[in-house]
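Structure first, then comments.
The values are calculated or read from the model by the stated rules, or taken from the named source; none is laboratory data. Computed from a predicted model, the values in this text were never measured in an experiment. Heads up, the Cβs are rebuilt from the backbone with ideal geometry, glycines too, and the neighbour counts pull from every protein chain shown. These accessible areas exclude ligands, DNA and RNA; they are computed on the full protein's heavy atoms, side chains included. Shrake-Rupley method; radii C 1.70, N 1.55, O 1.52, S 1.80 Å.
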Amino acid sequence: MKKFLALMLAAIMAFSMVATAGAASLAGTYDITVWVAENAVDLTKAQIEKYNTTNELGITFNATVEAVSEADAGTQMITDVEAGGDLFCFAQDQFARLVQAGALAKLGVKAGETVAAANVPGAVTAVTSGDTLYAYPLTADNGYFMYYDKTVIPEEHIDSLEAIIADCEAAQKYFAYEMQTSAWYLAGMFFGTGCVSDWTTDDDGTFISVRDTFNSANGLIAAKGIEKLVKSPMHLSSSSGSEFASGAAVVVTGTWDYNTVKGILGDNMGVADLPSFEVDGQSYHIGSFSGYKLMGVKPQVDAVKAAALHQLAQYLTNEACQMERFEALAWGPSNINAQASDLVQANPALVALNAQAPYSTVQGQIHGSWWDIAKVIGDDIKLATDEAGLQAALDNYYAKIDALFQLDTSALLFVGAWNGWNNADDTDTYYLKDNTLTLEVPASDYMGGRIVNPGDWGTDKGFAQVTVGAEYIKDLGADNPDNNIVFAEAGNYTVTLNGTEISIVKN
Amino acid sequence: MSENKLLEQNASTIQKHHMGLKASRAMSNTAIYALLVAISIIWLIPFVCILLQSFRVESTWQVGYVIPQKWGFDNYINLFKTDFPRWYTNTFIAALVTSVLQTIIVLCMSYTLSRFRFKLRKPLMRLMLILGMFPGMLTMIILYRVLKDLGLTQANAVPGLILVYIASSGMGYYVSKGFFDTIPRSLDEAARVDGATRFQVLKKIILPLSKPIVIYTILTAFMGPWGDYVFAQYISFGTSSGMNVAVGLYRWLNKDQIAQCYTMFCAGGVLVAIPVTVLFMCLQKYYVEGVTGGAVKG
């Protein structure tokens, strides 16, 4: 009996503890550090102050707002997560590294749903790794377009890269387009010709596969476009709006330079989407990255403080706060309603960004090393003397991308109709690492290909190894000496490798 | 008569010869001065540009010309509305405290190694020589860890930095020990005979005789923290109130800031240069003596 009583009491105690924990209110005062861009410090202070007085949860934040550039907040955080800001803003390219370093707290289910519903789909993709949301979208203006001097470039020329280069050379004015020092700007040329560099991460932010077609026939076309630009004597590898004050007629940069350019050029400022370039009689509109700036919550020891911080992050990235940021700093909102507002629609820089949008590629999760690997292409192209040289630049790029995954012997390589039978070991375009890969098989006469481990042609994984989804591929029996896997019909397949067994599921 | 003529002739040739020497010396001097002027212009241009840019008020971004179109003190006034005064104070405190402590440590160390003879003297000097060969940057991460655990990073970065700056200062004794070695030991001995203590010898005999080296030590100890970026950047770790000028000003140079902060950055640069320039102007005479003083052993 005594034992039973003791058990009961213990149970009641445990229950009451759970009950209190569950109902624990977030009310209280929290000392926090917030990292935002220098020009947003005052606004953020005011917004947190407003949150303190208006929130109904009884939360008060005693916030220290520090100016830390969004460009290196990620690096700072990774150096010492403990010392980093409780809330911090960063540009999207640092997302994957931050997730891997465990520097971002996951969003709760409810917060995730709210974020997903309120923001544009690209922004939601930007904060997602695997199926998990890790951050709050802050802006959707992290892309680039063209500013130009109307007195140098006539309006009818702004759609043609060649015409703009000719105008710049005639006027001895610079064409500033950061082709040699930044992969972010350079990649737009490749996207313009239909090349892709898609990276996939799992829930922990680890990169599991890449599909990269920079080293292809279309990539070579892009290289020829880049060549036209970088070999012009008036090309300047810069993306600073202030170049207009030192002899530039065109600068490719983003919304953050709007006030600077406006201040220098005044009414002569022109804003437009990027031009097209022509190779072999065909015209290609230059693409771009469209990216986002995000706000992250640092993982906390104190769960209650973490919950309160998530509340604040949600507040700071909501429609009203994004609109305030747009009005004060001209930061383009990622919130659907804010984006649709008339004020935002009328901002010339955002109009240009929107005009560029159809040609832009949403910046997904990209491997941290990619930025350094890709940015040398520009220099390599400048040094190239002929087409073989251009090809060598792309080969060099590809070899390095390849090396990122080379060590993983469990990776798979997909070579076949789906990538135009680029059947040399180093020109594959589909990688599968450990997990799954989505394979796009276009309709063609022979929808077949090989599946091998990277770098080893002898590790052929053929028909016999497909355990699940064998119905999607043809059994060629003795007619299949190459051990190819031949799909019966075109479509989108998810392929999974489990040790030696392959499963194929049609999407 | 003819003799006289000959003498005159001789005199005139001598004079001519003399003129030639003078002319060639003038020529070579002109060439040397022209070269020196050219070099100093090249050397001074960046400083002059920064000075001029700091007075430019018509725009805040980089421009393609040097002479401002509108002059004013706006950049300096705006500077004091930012955290700049705090950074300046931080740097000044760190540099001042470091220069005092480091000078004391270095002079004591040099005196000890120059005048005392003890068993571990040679091994100690050798050890320090070897330790000095390791790049200090290697210790950065571990130092950061230690300072963080002591609570001397971020907002408390200044004491942390002072600790880092003076921690290894004993190893920089070479120049002053060399100088002390040139002062005859018989002076010490005479003072000792008269009843002076070791400390009195240092204070009353050695130090007055080695003014240049003392000033040199103070100057170098002041300059280190004044211009430091790498350690200061690490230890302040994104916290504005713990930054020094180099770290704080550098933040204004990033992509989204430079267009608004460039001229203010230049103004900050000018203010940073002032104390160092003044210090050098006043102590220049001793500095040159100090640098070369330890080199010759008498």
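Given the residues A:A399, A:A443, which is the only one that is part of a helix (DSSP H, G or I), open to solvent by 20 Å² or more (accessible area, probe 1.4 Å) and modelled with pLDDT of 75 or more? Testing whether each residue is part of a helix (DSSP H, G or I), open to solvent by 20 Å² or more (accessible area, probe 1.4 Å) and modelled with pLDDT of 75 or more leaves just A:A399.
Taken residue by residue, the stretch A:52-61 has at least one member that is assigned to a strand (DSSP E or B), more than 14 Å from chain B (Cβ to nearest Cβ) and open to solvent by 20 Å² or more (accessible area, probe 1.4 Å). Of all residues in the stretch A:22-36, those satisfying the criterion of being within 14 Å of another protein chain (Cβ to nearest Cβ) and hydrophobic (A, V, I, L, M, F, W, C) are A:I32, A:V34, A:W35, A:V36. Considering only the stretch A:159-178, I want to know if a residue exists there that is closer than 29 Å to A:V376 by Cα and at pLDDT below 90. Scanning the stretch A:159-178 turns up no residue that is closer than 29 Å to A:V376 by Cα and at pLDDT below 90. Number of residues in the stretch B:230-239 that are among the hydroxyl-bearing types (S, T, Y) and open to solvent by less than 10 Å² (accessible area, probe 1.4 Å) equals 1. Only a single item in (1) surrounded by 15 or more Cβ atoms within 10 Å (Cβ to Cβ); (2) at pLDDT 80 or above is not met by A:Q365, and it is number (2). Of A:V251, A:V279, all but one fail to be within 13 Å of chain B (Cβ to nearest Cβ) and β-branched (V, I, T); the exception is A:V251. Restricting attention to the stretch A:227-243 and to residues that are more than 9 Å from chain B (Cβ to nearest Cβ) and assigned to a helix (DSSP H, G or I), the residue that is surrounded by the fewest Cβ atoms within 10 Å (Cβ to Cβ) turns out to be A:K228. Of the candidates A:Y185, A:Y177, the single residue that is buried (at least 20 other Cβ atoms within 10 Å of the Cβ) and either of a type in the set (K, R) or in contact with a His (Cβ under 9 Å, 6 or more places away or on another chain) (or both) is A:Y177.
Residues that are exposed (fewer than 13 other Cβ atoms within 10 Å of the Cβ) and either among the hydrophobic types (A, V, I, L, M, F, W, C) or within 14 Å of chain A (Cβ to nearest Cβ) (or both) within the stretch B:78-89 comprise B:F80, B:K81, listed in sequence order.
Among the residues making up the stretch B:186-210, those that are aliphatic (A, V, I, L, M) and either at pLDDT below 90 or surrounded by 13 or more Cβ atoms within 10 Å (Cβ to Cβ) (or both) are B:L187, B:A190, B:A191, B:A196, B:V201, B:L202, B:I205, B:I206, B:L207, B:L209. In the condition set (1) in a loop (DSSP other than H, G, I, E, B); (2) within 8 Å of chain B (Cβ to nearest Cβ), A:N39 is compliant with all but (1). Each residue in the stretch B:46-56 was checked for being open to solvent by 50 Å² or more (accessible area, probe 1.4 Å) and within 14 Å of chain A (Cβ to nearest Cβ), and 0 of them qualify. Of all residues in the stretch A:236-252, those that are farther than 12 Å from A:Y147 by Cβ have Cβ atoms under 8 Å from Cβ atoms of residues that are among the aliphatic types (A, V, I, L, M) and open to solvent by 10 Å² or more (accessible area, probe 1.4 Å), 6 or more apart or on another chain, in A:A245/A:I264; A:A245/B:V63; A:S246/B:V63. Of the residues making up the stretch B:153-168, those that are assigned to a helix (DSSP H, G or I), within 14 Å of chain A (Cβ to nearest Cβ) and open to solvent by less than 30 Å² (accessible area, probe 1.4 Å) are B:A157, B:G160.
Quick one: which residue in A:G287, A:G266 is within 25 Å of A:L353 (Cα to Cα), among the small types (G, A, S) and within 14 Å of chain B (Cβ to nearest Cβ)? Selected residue: A:G266, the only one of A:G287, A:G266 that is within 25 Å of A:L353 (Cα to Cα), among the small types (G, A, S) and within 14 Å of chain B (Cβ to nearest Cβ).
Got at least one residue in the stretch A:213-220 being within 21 Å of A:L274 (Cβ to Cβ), over 23 Å from the mean Cα position of the chain (by Cα) and either surrounded by fewer than 22 Cβ atoms within 10 Å (Cβ to Cβ) or touching a residue at least 60 places away in the same chain (Cβ under 8 Å) (or both)? Scanning the stretch A:213-220 turns up at least one residue that is within 21 Å of A:L274 (Cβ to Cβ), over 23 Å from the mean Cα position of the chain (by Cα) and either surrounded by fewer than 22 Cβ atoms within 10 Å (Cβ to Cβ) or touching a residue at least 60 places away in the same chain (Cβ under 8 Å) (or both). So for the stretch A:162-174 (the condition being surrounded by 21 or more Cβ atoms within 10 Å (Cβ to Cβ), under 23 Å from the mean Cα position of the chain (by Cα) and within 30 Å of A:M269 (Cβ to Cβ)), does at least one residue qualify? Checking the stretch A:162-174: not a single residue is surrounded by 21 or more Cβ atoms within 10 Å (Cβ to Cβ), under 23 Å from the mean Cα position of the chain (by Cα) and within 30 Å of A:M269 (Cβ to Cβ). Every condition in (1) β-branched (V, I, T); (2) over 23 Å from B:Y165 (Cβ atoms); (3) within 14 Å of chain A (Cβ to nearest Cβ) is met by B:I205 except one, and the failing one is (3).
Could we say that A:L329 is within 24 Å of the chain's Cα centre (by Cα) and under 23 Å from A:I48 (Cα atoms) here? So A:L329 passes the test. All of A:L274, A:L265 fail the test of being open to solvent by 20 Å² or more (accessible area, probe 1.4 Å), in contact with a strand residue (DSSP E or B) (Cβ under 8 Å, 6 or more places away or on another chain) and either in a helix (DSSP H, G or I) or within 19 Å of A:P348 (Cβ to Cβ) (or both), apart from A:L265.
Matching residues to (1) touching a Pro at 6+ places or on another chain (Cβ under 9 Å); (2) modelled with pLDDT of 90 or more:
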site	(1), (2)
A:A249	no, yes
A:L274	no, yes
A:I286	yes, yes
A:L294	yes, yes
A:A306	yes, yes
A:G332	no, no
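For the stretch A:339-352, does any single residue satisfy the condition of being touching a Pro at 6+ places or on another chain (Cβ under 6 Å) and open to solvent by 50 Å² or more (accessible area, probe 1.4 Å)? Yes, some residue in the stretch A:339-352 is touching a Pro at 6+ places or on another chain (Cβ under 6 Å) and open to solvent by 50 Å² or more (accessible area, probe 1.4 Å). Per the conditions (1) within 11 Å of another protein chain (Cβ to nearest Cβ); (2) within 26 Å of A:D86 (Cβ to Cβ), the sole criterion not satisfied by B:A259 is (2).
Please work out which residue is farthest from A:A403 (Cα to Cα), limiting yourself to the stretch A:447-482 and to residues that are in contact with a Gly (Cβ under 9 Å, 6 or more places away or on another chain) and modelled with pLDDT under 70. For the stretch A:447-482, the residue satisfying everything is A:N480. For the stretch B:57-77, a residue qualifies if it is open to solvent by less than 40 Å² (accessible area, probe 1.4 Å), hydroxyl-bearing (S, T, Y) and within 14 Å of chain A (Cβ to nearest Cβ), and exactly one does: B:S59. In the set (1) surrounded by fewer than 17 Cβ atoms within 10 Å (Cβ to Cβ); (2) away from chain B (no Cβ under 14 Å); (3) of a type in the set (K, R), A:R97 fails one condition alone, (1). Checking the stated criteria, B:L253 turns out to be open to solvent by 30 Å² or more (accessible area, probe 1.4 Å) and either within 12 Å of chain A (Cβ to nearest Cβ) or closer than 27 Å to B:L143 by Cα (or both).
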